[in-house]
Each structure stands twice: as C-alpha cells, then as structure tokens.
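A short write-up of the structure that comes next.
The values are calculated or read from the model by the stated rules, or taken from the named source; none is laboratory data. These figures come from a predicted structure and were not determined experimentally. Cβ placement follows ideal geometry from the backbone for every residue including glycine, while neighbour counts extend to all protein chains displayed. Just the protein is used for accessible areas: all its heavy atoms, side chains included, with ligands, DNA and RNA removed. Shrake-Rupley method; radii C 1.70, N 1.55, O 1.52, S 1.80 Å.
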Number of protein chains: 2
Amino acid sequence: MAVDRKEQIYETATQLFAWRGYNGASVRDIARQLDLQGGSLYSHITTKEELLWTILERAADQFLGVIEPIAWSDLSPAEKLRAAVHAHVGVVASNLEAATVYFHEWKFLTRPRREQFLARRRLYEHAMRAIVSEGVAAGVFRPQIDPTFATLAVLSIVNWLSTWYDPDGPLSPAEIADTFLSLLLNGLLVPEALSEEVPS
Amino acid sequence: MAVDRKEQIYETATQLFAWRGYNGASVRDIARQLDLQGGSLYSHITTKEELLWTILERAADQFLGVIEPIAWSDLSPAEKLRAAVHAHVGVVASNLEAATVYFHEWKFLTRPRREQFLARRRLYEHAMRAIVSEGVAAGVFRPQIDPTFATLAVLSIVNWLSTWYDPDGPLSPAEIADTFLSLLLNGLLVPEALSEEVPS
C-alpha cells in the first residue's frame, strides 16, 4: 500500500541519516535498503532534503507537542520541570534515531527551511526557559539562576542522552529522568556545603 | 615545507569533517580546499580514515592531558571538579571543530581503531567519575549522588557546548564554566526547598 511504503521510506531514511549522517546516505542507499529502484523511490518523494525535512518536522512536532501543554499548564514550576524532563527523555528514548537526526543533521537543511527549523527549536527552548523563569520568579528556584543557562544545562543533559541511551540498559527512561532531575534540583553538594563559594 | 603542509591537511580535514560530517567530506574535497591534486594529497596521507584517526587521537590527547593531572592531584574534590570543568570547556571552546569531530564522527572509525578510541574515552570518563566518587566519599557531595549519572550530567553539559558555543558570544569560556559549575554544585532549588522530595 502506498501509504505504508512512504512510511517505510521515512523509517529507513531516519535510520540511515542517524547512522551514516545525512551526507553519508544517498537516495540510492535508501532505495537499496528497501529493495527498490532509485527511480521507484522518486515516485514517493521529490528530493532527499524533503525526506530530511519531514523527519525533522515530525520530531519537532513531537518535542513541541509534549512541552507546550506542560509549560502553559497550572502545574507548579518544579512539577512542570519534572514533567518536561520526563517527556523529553521519553521522546528521545522512544525515537532514538529521529532524535539523533533532529539534534545533528538539521544543519544540512538549506534556507529557508533551516530558519523554519531553528524557529521551531527556539519555541521549544522558550517553553523550557519559561518554566525555569517561572520557578525563579516564584522563589522556588534560586534567584542567582540564569534561566538561559539553566535551560541549556537541562537540554544538554536530555539531548546528550541520544548519544548513550541503551534500550537494554538497567534504567528505564523514567528512572533516568528522575536521577537527572534530582541532580538538577538539588545539586552535587551536601546542604552544609551549599553556602560555600565555588572554590577558586 | 612538508610538515606545514601536513598540518594544513589536518586542519582542513577537521573543518570539513565537522561541517559536513566524515561521510560528507571526501579526500578530493579536502584537496580542492587546499588547491591540491587528490594524488598529491596522498603523498602526505595514506587514507581518509588515517586523517580521522589522527584528529581523534590529538583531541583525545588534549582532553586526557588536561583531566588526568587534575583527577590525580592533591586538590579537594570540589576544586578538582571546578578545574576539570574549566579545562574541558577550554578545550572545547578553543578547538570547536576538532571537538565536534571527537564527539560525533568517531563512530565512522573501523575496528580495531574504534575500540582503541572508545577505550581512551572511557579513561576520560573514569577520571571524571573518580572526582565525583571522591567527593561523595569525602562527604562533600551528597550521598545520594550516583557518580556514573553525575558524570554523565557534567559531560553532557560540557560536550553539548560544542553545538552552541559562539566565540563572539557575551560570556568567556571561564564564565560559562563558572555558571554551569554553580548550577551543578548548588542545584536549581532554593535551600529551603531542598528537603522536599521531587514532586510526583
């Protein structure tokens, strides 16, 4: 069926772009993987970049689809952060190859799609930063927190997951999310050491 | 001079591998960038993989060269963490393209070099984990800290830097390192909220 075939093409393209990089996987490679002729593949898609664009759009939909309802919900800031980290870890863990393409291969989009992609990624970062800012404003997160850097730290940890996550590893995505949340919320230092300045 | 020419080749290969990915940059591309014939390039190098290997070895030397003296020094655990984060951020910020290749393109090494590379990366992680473990053992870092996950969190933040660091940005590498250290050491929560469980 044509719809299934198109989905197979996206799935195979996602894998090959994640494993070999966008520049290392040709339309011919994708066709070969599916036992199709290159020409036959082009009856389903127009260009290799269109495949990349669709993969990135879908991934952006998933990431934005989970964070936006959380960021603009009635939860407390700490609950929002917890929900957002769990949701992000869940999206990465259950779409490891699409997440890898999302984090690294977007740079091969040409304009204006590159700008469209980055605008959506900024929406995501904006939602995460709003959670952190709200926590600082509510007096739950420390007043010294720089929301932009704290957001970068949170996103670094949950994005880097795509480089090491093993579905057969000992911890579930929810356990991984909780472990990182505890560290992000409470820090490394024991409470008695907290008032100390960072040693210089 | 031959030595300079070889260094130019490594430099150009590092840039092209970082920008286009290892699979997206051919030896011919590297030669063209240097106004060389492909054949002339092969009088300096044997294979494209040898270029990748040399770039990765040098980056691994840099990362290991900064962390090992810190990890096995007489500094306190918190001072070691501070020194290690500063050193890592410094290596990434001053070798952005080599760091990008180090973090992402190593997977295109064939065996046994792939295993040799991963063994050296594990040495680095081991040194960072030793710092965290020492802090927990000394009672400076919280007893609940899982050194493996805390190490992953630290490395996520300092490695992800390679995706967003802008040499023309407002903060110096040292300021970036201090901002992340403060967050990692003290956490997001105000001290009064620290005893609270992560909201479920």
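If I filter the range B:151-174 down to residues being within 10 Å of chain A (Cβ to nearest Cβ) and open to solvent by 30 Å² or more (accessible area, probe 1.4 Å), which single residue comes out as nearest to residue B:133 (Cα to Cα)? Even if it seems obvious, please write down each step before you answer.
Start the filter on the range B:151-174 by keeping residues that are within 10 Å of chain A (Cβ to nearest Cβ), which leaves B:152-161, B:163-164, B:171.
Narrowing the set further to residues that are open to solvent by 30 Å² or more (accessible area, probe 1.4 Å) leaves B:152, B:163-164, B:171.
On the way: B:152: 13, B:163: 28, B:164: 29, B:171: 30 Å.
Looking at residues that are within 10 Å of chain A (Cβ to nearest Cβ) and open to solvent by 30 Å² or more (accessible area, probe 1.4 Å), I get B:152.
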- Note on the structure: When every residue in the range B:62-73 that is open to solvent by 10 Å² or more (accessible area, probe 1.4 Å) and in contact with a Lys or Arg (Cβ under 9 Å, 6 or more places away or on another chain) is compared, the one farthest from residue B:132 (Cα to Cα) is B:64
- Consider residue B:182 against the criteria (1) closer than 25 Å to residue A:82 by Cα; (2) of a type outside the set (Lys, Arg); (3) outside any helix (DSSP H, G or I): it satisfies all of them except one. Which criterion is unmet? (3)
- Item | Single residue of B:76, B:94 found to be surrounded by fewer than 16 Cβ atoms within 10 Å (Cβ to Cβ), within 14 Å of another protein chain (Cβ to nearest Cβ) and among the polar types (S, T, N, Q) | B:76
- Query: If we only count helices (runs of 4 or more DSSP H) wholly inside the range B:1-119, which ones have 1 or more residues that are closer than 30 Å to residue A:188 by Cβ?
  - Reply: B:48-71, B:77-94, B:96-104
- Task: Give the range B:126-145 a look and list any residue that's surrounded by fewer than 17 Cβ atoms within 10 Å (Cβ to Cβ) and within 13 Å of chain A (Cβ to nearest Cβ), or say none.
- Result: B:137, B:138, B:139, B:143, B:144
- Could you tell me whether the range A:77-92 includes any residue that is within 22 Å of residue A:20 (Cα to Cα) and either of a type in the set (Phe, Trp, Tyr) or touching a Gly at 6+ places or on another chain (Cβ under 6 Å) (or both)? no
